[in-house]
Amino acid sequence: MNPIIEVSHLNKIYAGGFQALKDVSLQIDKGEIFALLGPNGAGKTTLIHIICGIVNRTSGEVLVDGHDIIRDYRYTRSLIGLVPQELATDQFETVWNIVRFSRGIFDQPKNPAYLESVLKNLALWEKRKNKIMTLSGGMKRRVMIAKALAHEPQILFLDEPTAGVDVELRKSMWEQVRRLRESGVTIILTTHYIEEAEELADRIGVINHGELIVTEDKSRLMKKLGKKELNLELKAPLKAIPEALSGYQLKLSPDGLVLTLAYDSTHNESGITELLDRLKENGVSYKDIYTKQSSLEEIFVQLVHQ
Amino acid sequence: MRINFRAIGAIYRFEMARTFRTILQSIASPVISTTLYFIVFGSAIGKHMSAVNGVSYGAFIVPGLTMLTVLQQSVANASFGIYFPRFVGTIYEVLSAPVSYFEILVGYVGAATTKAMMVGTIILLTSCFFVPLHVDHPFWMIGFLLLTSLSFSLLGFIIGIWADGFVKLQLIPLLIITPLAFLGGAFYSIKMLPPLWQKISMANPVVYLISGFRWSFYERSDVSVQTSLLMISLFLAICILIVARIFKTGYRLKT
Ligand SMILES: Nc1ncnc2c1ncn2[C@@H]1O[C@H](COP(=O)(O)OP(=O)(O)OP(=O)(O)O)[C@@H](O)[C@H]1O
Ligand SMILES: [Mg+2]
């Protein structure tokens with residue numbers, strides 16, 4: 001994988017002396033969705049703002065597509081779109097003018113057709129002539145996204161994009177994020193909805209008190225820290241777990257229709273195949289089989305409280 | 001070096017759109033207030049005033065009044081133009097865009113300068129209805145108007161970056177710019193003052209602006225045109241230096 005963002009030994013001490021980032025090193029791969037998780041005040045926004053050029057770093061290095069964000073700021077910033085955590089738009093301007101401004105300031109030639117498609121994708125096209133102040137909160141948030149996409153960025157930062165957004169809209173935003181990723185855009189998002197990260201992310205970073213404590217593949221993280229269960233839905237109910245299977249950590253549901261095996265997925269020998277063979281030998285047949293694992297939320301809470 | 005002209009254009013257009021959106025406050029209010037000055041000082045009182053340096057009093061005050069408004073407009077527009085995005089947070093976009101501070105400056109200050117010049121022009125045109133106006137040196141006149149608009153827009157920009165609240169934003173213009181402008185010889189010739197006050201007035205940069213500007217109309221001035229030009233250039237240079245310093249450190253724009 002080639003990293004599109006490389007952060008090394010990044011420190012940030014704010015003017016008051018508060019250290020918001022402590023020796024953060026991180027690589028983001030091209031085309032991935034990276035979720036940055038952490039409690040309030042952990043330093044997520046600070047990290048994003050440094051990469052985008054809004055906050056000065058104290059020390060350390062940040063490369064975007066191999067270019068230093070200070071020395072080659074024109075190049076690196078032109079690649080990046082940012083949806084900030086806070087809603088900040090000129091209330092008195094129209095949606096269309098706002099989005100056109102964003103494209104212009106990022107040095108992209110006029111392209112009304114592209115802007116039209118962005119607004120249509122975000123269901124804002126009907127509102128293009130409206131002033132921002134006449135829009136609902138969720139619409140304003142979508143305007144922020146439209147602004148960030150106006151210059152066709154290759155990297156998109158979403159700082160809590162779905163805060164205060166209704167369920168339906170959130171789902172449609174997820175859909176758009178996936179579509180953007182499919183078109184090759186690298187996405188870095190922060191969120192307090194852990195299920196959002198679970199749903200979207202390829203990789204997860206957890207930051208706490210300015211320190212990056214974990215960066216891991218989502219599935220590996222969940223495997224490593226989560227517990228897994230194998231569930232077998234049986235064709236016919238069992239009265240009890242057969243003698244021959246007593247060597248396994250099996251549980252039988254009260255109605256006798258579901259057999260559950262708790263196992264550790266980090267072990268190479270989970271024993272699943274063997275178990276399935278044994279079941280066959282003992283004439284237990286099943287109609288469905290599925291696994292369940294502990295949620296990212298459980299893992300996250302466990303990490304942050306360590 | 002490549003310049004991001006599109007960004008300059010975007011900022012400039014955005015700022016001008018704000019001007020036209022608020023056309024009433026932007027243009028009408030300075031025009032109305034100066035019209036009142038013309039009526040009161042030019043037509044009503046002016047009839048009973050003796051000519052200054054051979055120019056009728058009504059005509060005498062036109063350049064000074066125009067400068068007064070241009071000064072206030074430049075400072076007000078430029079300071080508000082950059083302060084407002086800082087205040088509402090939209091500045092994040094400008095800071096995260098591939099724009100240099102220089103380009104940001106050109107966009108904001110360029111728009112403020114344009115607007116101040118527009119207001120100045122409108123006031124001059126309005127004054128034609130009240131007093132007989134003639135301009136001896138139109139190029140110098142436009143030059144002085146431009147230099148003044150530009151340097152005071154720069155000053156406004158500095159104030160807009162320095163201010164951390166609306167009070168400060170309004171205080172400087174109110175406490176410094178307005179008194180300097182009124183005492184800068186808009187309504188009188190410095191030569192009419194007692195010698196001590198004449199000396200003190202020489203420390204007021206606005207004196208040079210008004211004097212030079214008035215010279216371009218009537219070829220009469222309190223100080224020589226060269227001195228006026230020199231002082232405005234000096235003032236402009238100081239503003240540029242301060243802005244350069246601000247940009248070097250990212251002062252108040254970035255934490
Ligand atoms: N401009 C600033 N000056 C001083 N301290 C700041 C500044 N901005 C942020 N901080 C501090 O830095 C820390 C990290 O803030 P940051 O906004 O990065 O957190 P976050 O992880 O984004 O939190 P949240 O989930 O609440 O958005 C906080 O303790 C905050 O108070
Ligand atoms: Mg944040």
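Every condition in (1) of a type outside the set (A, V, I, L, M, F, W, C); (2) at pLDDT 90 or above; (3) over 17 Å from B:Glu15 (Cα atoms); (4) part of a helix (DSSP H, G or I) is met by B:Gly110 except one, and the failing one is (3).
Matching residues to (1) under 18 Å from A:His209 (Cβ atoms); (2) surrounded by 20 or more Cβ atoms within 10 Å (Cβ to Cβ); (3) polar (S, T, N, Q); (4) within 16 Å of ligand 2 (Cβ to nearest atom):
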site: A:Thr46; (1), (2), (3), (4): yes, yes, yes, yes
site: A:Thr58; (1), (2), (3), (4): yes, no, yes, no
site: A:Gly66; (1), (2), (3), (4): no, no, no, no
site: A:Ile70; (1), (2), (3), (4): no, no, no, no
site: A:Arg77; (1), (2), (3), (4): no, yes, no, no
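Residue count for the stretch A:20-39 under the criterion of being more than 16 Å from ligand 2 (Cβ to nearest atom) and either among the polar types (S, T, N, Q) or touching a Lys or Arg at 6+ places or on another chain (Cβ under 7 Å) (or both): the result is 5.
Count of the stretch B:216-251 residues, restricted to those that are farther than 20 Å from B:Gln198 by Cβ, surrounded by fewer than 16 Cβ atoms within 10 Å (Cβ to Cβ) and among the small types (Gly, Ala, Ser), is 4. Against the numbered list (1) in contact with a Ser or Thr (Cβ under 7 Å, 6 or more places away or on another chain); (2) not in a helix (DSSP H, G or I), B:Val70 comes up short only at (2).
Residues that are more than 10 Å from every other protein chain (Cβ to nearest Cβ) and polar (S, T, N, Q) were ranked within the stretch A:47-76; the one that is nearest to B:Glu93 (Cα to Cα) is A:Thr58.
A Cβ distance below 7 Å, combined with a sequence gap of six or more or placement on separate chains, defines the contacts here; from the stretch A:16-35, residues that are in contact (Cβ under 8 Å) with a residue 60 or more places away in the chain reach residues that are of a type in the set (Ser, Thr, Tyr) and within 13 Å of ligand 1 (Cβ to nearest atom) in the pairs A:Ala20/A:Tyr14; A:Ala20/A:Thr46; A:Leu21/A:Thr46; A:Ala35/A:Thr191. Would you confirm, using the coordinates I've provided, whether A:Ile132 is away from ligand 2 (no atom under 16 Å from the Cβ) and at pLDDT 95 or above? So A:Ile132 does not fit the description; no. Among the conditions (1) in a helix (DSSP H, G or I); (2) surrounded by fewer than 17 Cβ atoms within 10 Å (Cβ to Cβ); (3) within 12 Å of chain B (Cβ to nearest Cβ), A:Gly104 misses just one, which is (2). Candidates A:Arg103, A:Arg141, A:Arg181: the one that is at pLDDT 95 or above and charged (D, E, K, R) is A:Arg103.
Taking the options B:Leu145, B:Leu95, B:Leu155, name whichever one is more than 14 Å from chain A (Cβ to nearest Cβ), crowded, with 19+ Cβ neighbours inside 10 Å and closer than 22 Å to B:Lys254 by Cα. First the steps, then the outcome.
Numbers: B:Leu145 fails: closer than 22 Å to B:Lys254 by Cα; B:Leu95 fails: more than 14 Å from chain A (Cβ to nearest Cβ).
Result of the check over B:Leu145, B:Leu95, B:Leu155: B:Leu155.
The residues on offer are A:Val99, A:Val62, A:Val83, and the sole one that is buried (at least 18 other Cβ atoms within 10 Å of the Cβ), within 16 Å of ligand 2 (Cβ to nearest atom) and in the same structural domain as A:Gln154 (by TED's automatic domain parsing) is A:Val83.
Filter the stretch A:108-159 down to residues that are within 14 Å of chain B (Cβ to nearest Cβ) and acidic (Asp, Glu), then give me how many there are. Final tally of qualifying residues: 2. Could we say that A:Glu168 is modelled with pLDDT under 90 and either closer than 17 Å to A:Ile48 by Cα or within 16 Å of ligand 2 (Cβ to nearest atom) (or both) here? For A:Glu168, the condition - modelled with pLDDT under 90 and either closer than 17 Å to A:Ile48 by Cα or within 16 Å of ligand 2 (Cβ to nearest atom) (or both) - is not met.
Per-residue answers, yes or no, for (1) away from chain A (no Cβ under 14 Å); (2) over 22 Å from B:Phe187 (Cα atoms); (3) under 20 Å from the mean Cα position of the chain (by Cα):
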{"residue": "B:Ile3", "(1), (2), (3)": "no, yes, no"}
{"residue": "B:Gly9", "(1), (2), (3)": "no, yes, no"}
{"residue": "B:Met16", "(1), (2), (3)": "no, yes, yes"}
{"residue": "B:Leu36", "(1), (2), (3)": "yes, no, yes"}
{"residue": "B:Gly46", "(1), (2), (3)": "yes, no, no"}
{"residue": "B:Ser50", "(1), (2), (3)": "yes, no, no"}
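Applying a threshold of 7 Å to beta carbon distances and a minimum spacing of six or more residues, or different chains, the list of pairs starting in the stretch B:21-32 at a residue that is within 14 Å of chain A (Cβ to nearest Cβ) and ending at one that is among the hydroxyl-bearing types (Ser, Thr, Tyr) and surrounded by 13 or more Cβ atoms within 10 Å (Cβ to Cβ) reads B:Ser26/B:Thr19. With a requirement of 1 or more residues that are within 15 Å of the chain's Cα centre (by Cα), the helices (runs of 4 or more DSSP H) lying completely within the stretch B:146-242 that satisfy it span B:166-172, B:178-182, B:205-218.
Can you pull out the residues in the stretch A:1-60 that are of a type in the set (A, V, I, L, M), away from ligand 1 (no atom under 15 Å from the Cβ) and in a loop (DSSP other than H, G, I, E, B)? Across the stretch A:1-60, the qualifying residue is only A:Met1.
Conditions tested, residue by residue: (1) within 21 Å of A:Cys52 (Cβ to Cβ); (2) assigned by TED's automatic domain parsing to the domain that holds A:Gly81; (3) aliphatic (A, V, I, L, M); (4) within 17 Å of the chain's Cα centre (by Cα).
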site	(1), (2), (3), (4)
A:Val95	no, yes, yes, no
A:Ser136	no, yes, no, no
A:Arg142	yes, yes, no, no
A:His151	yes, yes, no, no
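For residues that are outside any loop (DSSP other than H, G, I, E, B) and of a type in the set (Ser, Thr, Tyr), scanning just the stretch B:23-58, find the one that is surrounded by the most Cβ atoms within 10 Å (Cβ to Cβ).
Across the stretch B:23-58, the extreme among qualifying residues is B:Thr34.
Does A:Leu87 satisfy the condition of being in contact with a Ser or Thr (Cβ under 9 Å, 6 or more places away or on another chain) and either more than 7 Å from every other protein chain (Cβ to nearest Cβ) or not in a loop (DSSP other than H, G, I, E, B) (or both)?
On the way: in contact with a Ser or Thr (Cβ under 9 Å, 6 or more places away or on another chain): no; either more than 7 Å from every other protein chain (Cβ to nearest Cβ) or not in a loop (DSSP other than H, G, I, E, B) (or both): yes.
No.
Across the stretch B:219-253, what is the total count of residues that are of a type in the set (D, E, K, R) and closer than 21 Å to B:Tyr101 by Cα? So that I can check it myself, show each step before the final result.
Initial filter on the stretch B:219-253 (of a type in the set (D, E, K, R)): B:219-220, B:222, B:245, B:248, B:252.
Restricting the remaining residues to those that are closer than 21 Å to B:Tyr101 by Cα gives B:245, B:248, B:252.
Looking only at that region, the number is 3.
Annotation: of all residues in the stretch A:1-18 being touching a strand residue (DSSP E or B) at 6+ places or on another chain (Cβ under 8 Å), away from ligand 2 (no atom under 16 Å from the Cβ) and over 21 Å from A:Leu79 (Cβ atoms), the one that is farthest from the other protein chains (Cβ to nearest Cβ) is A:His9.
The values are calculated or read from the model by the stated rules, or taken from the named source; none is laboratory data. Being a predicted model, the structure only gives us computed values, none of them experimental. Note that each Cβ is placed from the backbone with ideal geometry, even for glycine, and that neighbours are counted across all protein chains shown.
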